[in-house]
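Below is one structure, written out as structure tokens, with a few remarks after it.
Every number here is computed from the coordinates shown, using simple stated rules; none is lab data. Note that this is a predicted model, so its numbers are computed, not measured. Quick reminder, even Gly has a Cβ in these numbers, built from the backbone with ideal geometry, and neighbours come from all protein chains shown.
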Amino acid sequence: MHAAVVVFPGSNCDRDLAVAFEQAGARVSMVWHKDTKLPDGVDIVGVPGGFSFGDYLRCGAIAANSPICREIVSHTDKGGFAIGICNGFQVLTETGILPGALLRNAGLKYICKTVGLKVETSQSAFTNGYNAGDVIDIPIAHHDGNYFAEDDVISQLKSEDRIAFTYTDTPNGAKADIAGILSSNRRVLGMMPHPERSADAGHGGTDGVALFRALSGALSLA
Amino acid sequence: MSEPEITPELIASHGLTPDEYARILDIVGREPTFTELGIFSAMWNEHCSYKSSKKWLRTLPTTGPQVICGPGENAGVVDIGDGQAVIFKMESHNHPSYIEPYQGAATGMGGILRDVFTMGARPIASMNSLSFGEPAHHKTRQLVNGVVAGIGGYGNCFGVPCAGGEVRFDPAYNGNCLVNAFAAGLADADKIFYSAASGVGMPVVYLGAKTGRDGVGGATMASAEFDDSIEEKRPTVQVGDPFTEKRLMEATLELMQTGAVISIQDMGAAGLTCSAVEMGDKGNLGVRLHLENVPVREDHMTAYEMMLSESQERMLMVLKPELEAQAKAVFDKWDLDFAIVGETIAEDRFHIVHNGETKADLPLKTLAGTAPEYDRPWVETPPAEPLADVPNIDPIDGLKALISSPNYAAKQWVYEQYDTMVMADSARTPNIGSGIVRIHGTDKALAFTSDVTPRYVKANPFEGGKQAVAEAYRNLCAVGARPLATTDNMNFGNPEKPEIMGQFVGAIKGIGAAVKALDMPIVSGNVSLYNETDGTAILPTPTIGAVGLITHTDEIIGTEVREGHVALVIGDTSGHMGQSALLAEVFNRIEGDAPTVDLEMEAKHGAFIRDNRDMIKACTDLSDGGLALAAFELAEASGVGVWLDSDDTAMLFGEDQGRYLIACNFDQAEALMLAAGRAGVPIHSVGKFTSDAVWMGNTSTASLAELSEIYSSSFASAVA
């Protein structure tokens with residue numbers, strides 16, 4: 001698996017995501033936001049957490065207009081895989097690759113803690129290492145993780161089995177307890193919690209390992 | 001535009017005394033210009049010149065085989081083996097945070113992070129020691145919420161994990177909160193960058209954000225007492241931009257790799273003035289600045305304003321001229337300003353030119369080196385009155401009283417607002433005791449702690465100073481770390497009052513004795529004086545930040561306590577109740593002497609813990625709140641109960657020093673007893689860990705669930 005991790009000037013989980021990919025056996029290329037091309041042969045694009053452009057204007061809004069995002073849109077349009085974590089999820093919604101938006105947390109405060117996530121579907125390259133219904137512990141760290149979409153979008157996500165994860169005890173007001181969603185072709189995952197922070201027994205637990213392993217398994221065969 | 005006339009009022013408004021002004025006349029040999037007056041006020045205020053504290057700071061032990069660079073640079077540098085170094089410092093942002101809590105605290109974070117990465121280190125951990133007024137005071141809630149949000153807003157965006165800290169409340173901080181920010185970074189020991197310029201005619205380069213009028217006169221504001229006019233001082237508080245700081249860090253570290261940096265200095269207090277003078281002074285060179293080349297974000301800025309602006313996220317660097325193009329390319333990549341604003345000169349002058357006009361022309365060495373230094377009169381703090389009887393109370397009632405207070409309740413409300421896990425190397429996030437951050441890509445880790453018990457320092461500055469260091473030492477030993485070195489952040493009232501100066505001197509002496517005995521030299525620090533409002537001083541608060549090394553993560557002492565584990569206490573308990581948490585929180589009595597710290601015993605007990613870590617399942621030091629609070633905290637963190645075999649108030653809540661609480665299984669307890677016997681270390685079985693209730697003696701009890709609920713909710717209900 002060859003993973004590209006995008007680096008915006010305010011990304012701060014880029015290294016963490018690269019390490020998690022590498023531990024799952026991937027080769028990782030770091031890609032600068034001003035680049036106009038993804039490296040050849042990239043299997044998956046990772047959009048990491050952080051504050052891409054300082055969260056000015058709206059989280060992810062400026063990043064979504066950066067040169068590399070045009071390439072990411074074109075990559076996913078062609079059926080390429082992508083994962084956006086935290087700020088990366090915000091960027092993917094701002095580009096329109098994923099539906100909905102991430103609003104300010106209902107409590108109006110930044111929250112960093114480990115929360116319970118329910119795996120809603122195992123039907124994707126990201127989640128097939130889990131069983132639907134599994135509850136896993138994954139850290140969150142965000143100020144704007146309150147997922148919102150119109151009711152018809154939520155119904156569609158549900159009916160198409162595209163809700164990847166829900167919170168067992170929603171910390172941020174997210175509609176339908178949504179923590180992560182899939183694209184319609186199930187090849188793009190956006191999630192607010194940080195699986196890369198739970199991929200190492202010495203830091204934050206290991207419940208996120210299965211996600212990277214499943215991905216590596218699926219994409220190495222591809 | 002004509003500059004204001006130099007009048008006695010103008011001089012006084014710059015915080016300069018008539019004596020100090022006479023010295024200026026002597027140095028300059030004529031009446032100074034307005035800009036020159038501003039430069040002197042910036043260099044000579046307490047905040048920048050340490051004029052009241054220097055004499056005493058010099059007495060602190062600052063060297064040791066582990067120290068690569070002690071105080072005097074932006075931060076201290078300590079060897080951690082394998083060619084690596086940890087670089088750290090703690091610094092206050094008290095006055096700005098009281099005036100404008102969010103931005104004051106945010107820019108405090110910004111300043112300390114800059115101190116660390118200026119030296120070539122990537123920040124890997126932060127801590128915050130916060131002191132607020134009583135929860136019921138009308139300002140407290142706003143200050144707590146603003147300060148915590150400001151620290152989080154800056155640190156989270158910048159991307160440095162919070163590894164720990166302290167939060168306390170006391171009426172003595174009603175008019176002056178304390179915000180002490182700590183940062184530590186990692187660098188290769190042979191790639192540390194210092195501030196001394198070298199070479200004549202070398203370009204002086206301005207890096208980072210543009211200069212505005214924010215913070216003009218900030219350092220002078222931080223060197224005065226508050227009165228009811230503080231609202232007018234709000235414009236002297238700077239505004240932080242963590243996104244720019246993050247880019248400045250990345251660009252600076254990248255720039256350093258190009259080899260283009262001769263010397264570098266961040267622009268902190270007194271901005272361009274302080275940084276340029278520092279680089280020239282350390283390199284025995286003069287500096288000429290052409291202010292028209294300074295990137296500005298406001299129109300018509302005067303030389304005075306540019307020289308005194310404390311706009312954030314800026315650095316000054318002396319550049320190898322042949323590498324200018326490469327250096328500029330790095331800053332272009334990160335979309336940051338890069339401007340050559342001056343040059344080093346052979347003459348000993350600080351020469352400021354604006355649009356061809358000389359605005360200041362001063363002897364640089366004299367400006368840097370002859371700041372006034374005062375041997376302020378001081379009086380020894382009188383010995384505390386003996387403590388009157390403390391009645392016995394029901395121990396569970398005592399515990400409930402402690403954990404109902406925001407001083408001793410769990411602090412998740414605070415730490416959940418900070419990113420404690422970014423960089424994915426947090427082996428232990430803030431809870432009880434030290435935080436631990438792994439050194440990326442190695443088996444090593446660093447432990448971090450921040451400690452002081454201001455009540456002790458007030459009652460007995462010498463013992464209180466010792467105790468702050470001893471508690472830091474214990475917190476590091478309790479996780480299995482070897483204490484390495486210390487940074488001190490000295491927060492006191494008005495040093496012109498002999499009794500306040502006496503607190504300072506006593507605390508310095510105590511800290512000095514302790515860091516020497518425990519081999520934790522002071523490598524950096526900061527002094528914040530004049531923490532008084534309307535003549536009322538804060539509690540003397542010498543915050544100690546300390547770092548310990550764990551050579552392999554396997555050596556970390558764990559936290560998991562199970563039902564059936566034995567509870568052992570290392571060290572003897574006599575039941576010292578003077579200045580204790582119980583006395584203050586339950587009886588509202590601030591009485592008696594601080595506990596005495598036996599430094600030899602501290603070193604011995606700490607070594608015992610480290611040497612026997614394999615036999616310890618979990619460990620915590622005993623500090624304020626005594627055995628009762630420590631046992632509850634340790635049990636609660638693992639979701640188990642505890643039974644302690646005493647119901648005696650002094651034995652449970654006494655604050656004797658040099659003690660640790662250990663949880664281990666029965667076989668380990670036997671082995672530890674034997675080892676302690678051999679080492680001559682007192683060890684006592686005090687009870688055991690149980691399923692779901694806390695017992696003290698055989699009648700006083702409460703369920704873990706009830707206590708946990710109080711413990712986890714009291715902080716937020718007091719201040720949120």
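Details
- Helical mean residue ellipticity (222 nm; -39500 (n - 2.57) per DSSP H run of 4+; nearest 500) of chain A: -7000 deg cm²/dmol
- Spatial separation of Cα centroids for the range B:342-371 and the range A:118-143, in angstrom: 62 Å
- As a proxy for reagent exposure, ranking B:TRP44, B:TRP56 by other Cβ atoms within 10 Å from fewest up yields B:TRP56, B:TRP44.
- Estimated FRET transfer efficiency when R0 is 60 angstrom, pair B:ASP397-B:ASP361 (beta carbons, to 0.05): 0.30
- Gyration tensor (alpha-carbon) shape descriptor, the range B:1-158, a/c threshold 1.5: oblate
- To the nearest ten degrees, helix B:626-638 and the longest principal axis of the Cα atoms of chain B are 90 degrees apart.
- Kirkwood Rh, angstrom, the range B:407-545 [1 / mean 1/r, Cα pairs]: 16.1 Å
- Inter-chain Cβ neighbour count for B:423-432, averaged per residue, equals 5 (cutoff 10 Å, partner chain atoms only).
- In this rough spin-label picture, where each label sits 7 Å from Cα along the Cβ direction, the A:GLN156-B:VAL200 distance is 7.4 nm.
- Helix B:34-44 and the longest principal axis of the C-alpha atoms of chain B enclose an angle of approximately 30°.
- Which of B:HIS354, B:HIS138, B:HIS605 has the fewest Cβ neighbours within 10 Å, and the rest in rising order: B:HIS138, B:HIS354, B:HIS605
- Rounded to 5, the percent of DSSP beta bridges in the protein assembly as shown classed as antiparallel: 75 percent
- The charge dipole of the range A:124-188, taken about the Cα centre with unit charges on the Cβ atoms of Lys, Arg (+1) and Asp, Glu (-1), comes to about 260 debye, rounded to the nearest 20.
- Förster radius 22 Å - calculated FRET efficiency between B:LYS333 and B:LYS191 (Cβ-Cβ, nearest 0.05): 0.60
- Isotropic mean projected area of the C-alpha convex hull, chain B (nm²): 28.8 nm²
- Label point at A:ALA201 placed 7 Å out along Cα→Cβ; residues across the range A:133-149 whose backbone nitrogen lies under 20 Å: A:136-139
- Compactness ratio for the range B:246-377: Cα radius of gyration over 2.2 N^0.38 Å (N = residue count) comes to 1.10.
- Amide H partners (placed H, <5 Å) of B:ALA121, local residues excluded: none
- Spin-label pair B:HIS138/B:THR370, simplified geometry with 7 Å Cα→Cβ offset, distance in nm: 4.9 nm
- Neighbourhood charge, 14 Å Cβ-Cβ cut-off, centred on B:ILE27 and excluding it, Lys, Arg +1 and Asp, Glu -1: -3
- 19 Å Cα-Cα threshold exceeded, pairs from B:LYS320/B:LYS365; B:LYS55/B:LYS509; A:LYS34/B:LYS333; B:LYS411/B:LYS444; B:LYS191/B:LYS333; B:LYS466/B:LYS604: B:LYS320/B:LYS365; B:LYS411/B:LYS444; B:LYS191/B:LYS333
- Exposure proxy ranking for B:ASP335, A:ASP55, B:ASP299, A:ASP35, based on other Cβ atoms within 10 angstrom of each Cβ and starting from the fewest, stands as B:ASP299, B:ASP335, A:ASP35, A:ASP55.
- Expressed to the nearest 5 percent, the antiparallel share of DSSP beta bridges inside chain A is 60 percent.
- MRE, 222 nm, helices only [DSSP H, n ≥ 4, -39500 (n - 2.57), over chain B, to nearest 500]: -10500 deg cm²/dmol
- Between B:ILE27 and B:GLU347, the contour length at 0.36 nm per residue exceeds the Cα-Cα span by 113.6 nm.
- Taking the average, over residues, of other Cβ atoms within 10 Å as the packing measure, peptides A:124-133, B:622-631 rank B:622-631, A:124-133 from highest down.
- Selection from A:THR36, A:LEU57, A:LEU92, by position along the positive dipole direction of the range A:29-112 (Cβ): A:LEU57
- In Å, descending, principal axis extents of the Cα set of the protein assembly as shown: 81, 78, 50
- Percent of Cα-Cα distances greater than 16 Å, calculated over the range A:76-182: 57 percent
- Antiparallel DSSP beta bridges within chain B, percent to nearest 5: 80 percent
- Principal-axis analysis of the Cα atoms of chain B puts helix B:18-28 at an angle of about 50° to the longest axis.
- Debye log10 I(q)/I(0) for chain A, one point scatterer per Cα, at q = 0.12, 0.13 Å⁻¹: -0.54, -0.64
- In whole percents, the pair-distance distribution calculated for the range B:335-454 from its alpha-carbon pairs, binned every 10 Å from zero, is 8, 16, 15, 16, 26, 11, 6, 1.
- Take the Cα of A:HIS2, step 7 Å toward its Cβ, do the same at B:THR701, and the gap between the two points is 6.7 nm.
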